[in-house]
1. Is one or more of the residues making up the range 20-37 touching a residue at least 24 places away in the same chain (Cβ under 8 Å) and among the acidic types (Asp, Glu)?
2. Name every residue in the range 86-107 that is farther than 13 Å from residue 48 by Cα and of a type in the set (D, E, K, R), in order of residue number.
3. State whether one or more residues within the range 3-21 are surrounded by fewer than 12 Cβ atoms within 10 Å (Cβ to Cβ), part of a helix (DSSP H, G or I) and of a type in the set (A, V, I, L, M).
4. Output the residue which, of all residues in the range 70-107 that are under 15 Å from residue 8 (Cβ atoms) and either among the polar types (S, T, N, Q) or over 17 Å from the mean Cα position of the chain (by Cα) (or both), is modelled with the lowest pLDDT.
5. Working only within the range 74-107, note down all residues that are assigned to a helix (DSSP H, G or I) and either of a type in the set (D, E, K, R) or in contact with a Cys (Cβ under 6 Å, 6 or more places away or on another chain) (or both).
6. Go over the candidates 6, 34, 50 one by one and state the one that is in contact with a helix residue (DSSP H, G or I) (Cβ under 7 Å, 6 or more places away or on another chain), under 24 Å from residue 104 (Cβ atoms) and small (Gly, Ala, Ser).
7. One residue is enough: does the range 93-104 have a residue meeting the conditions exposed (fewer than 12 other Cβ atoms within 10 Å of the Cβ) and either touching a residue at least 40 places away in the same chain (Cβ under 8 Å) or hydrophobic (A, V, I, L, M, F, W, C) (or both)?
8. Looking at 78, 87, which is the one that is surrounded by 11 or more Cβ atoms within 10 Å (Cβ to Cβ), farther than 18 Å from residue 6 by Cα, touching a residue at least 24 places away in the same chain (Cβ under 8 Å) and among the polar types (S, T, N, Q)?
Amino acid sequence: MILDLAVDDYTGLWELVWGVQSSTQEDERRSNIALLRTELEELVAQGAVAFFRGINFNGDEVAVSVDEVPGLLANNQSWEPPEPNSSHLRLLATEEGQRKYEQLFRT
């Protein structure tokens with residue numbers, strides 16, 4: 001699911017949570033975020049996704065250092081929908097991620 005969204009466009013972490021959320025129970029939400037975090041850390045290690053900061057989805061994104069990603073994924077606020085006109089974290093598949101996606105889903 002992560003690569004499917006990331007290949008198409010920039011994706012906010014909160015959108016990933018919405019994609020796997022089956023209920024509003026807080027313990028299930030934390031479990032979903034923990035799973036997403038693990039998968040994202042693996043995709044970052046593989047060079048399949050890159051992270052960016054931005055305020056609007058209009059080309060204002062700025063790349064985030066790979067070294068910053070673990071701390072940002074550990075921050076609970078990163079997983080919440082952003083307030084209007086506030087900076088948020090988003091991801092996008094890299095060329096490697098696009099190749100991986102095509103191998104997984106288009107063969």
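1. The answer is no; no qualifying residue exists.
2. Selection gives 90, 106.
3. The answer is no, given that none of the residues of the range 3-21 is surrounded by fewer than 12 Cβ atoms within 10 Å (Cβ to Cβ), part of a helix (DSSP H, G or I) and of a type in the set (A, V, I, L, M).
4. Within the range 70-107, the match that is modelled with the lowest pLDDT is 106.
5. Within the range 74-107, 95, 96, 99, 100, 102 qualify.
6. Going through 6, 34, 50 in turn, the sole match is 6.
7. Scanning the range 93-104 turns up at least one residue that is exposed (fewer than 12 other Cβ atoms within 10 Å of the Cβ) and either touching a residue at least 40 places away in the same chain (Cβ under 8 Å) or hydrophobic (A, V, I, L, M, F, W, C) (or both).
8. 87
The values are calculated or read from the model by the stated rules, or taken from the named source; none is laboratory data. Because the structure is predicted, anything quoted here is derived from the model rather than measured. Please note: Cβ atoms are built from the backbone with ideal geometry, for glycine as well, and neighbour counts cover all protein chains shown.
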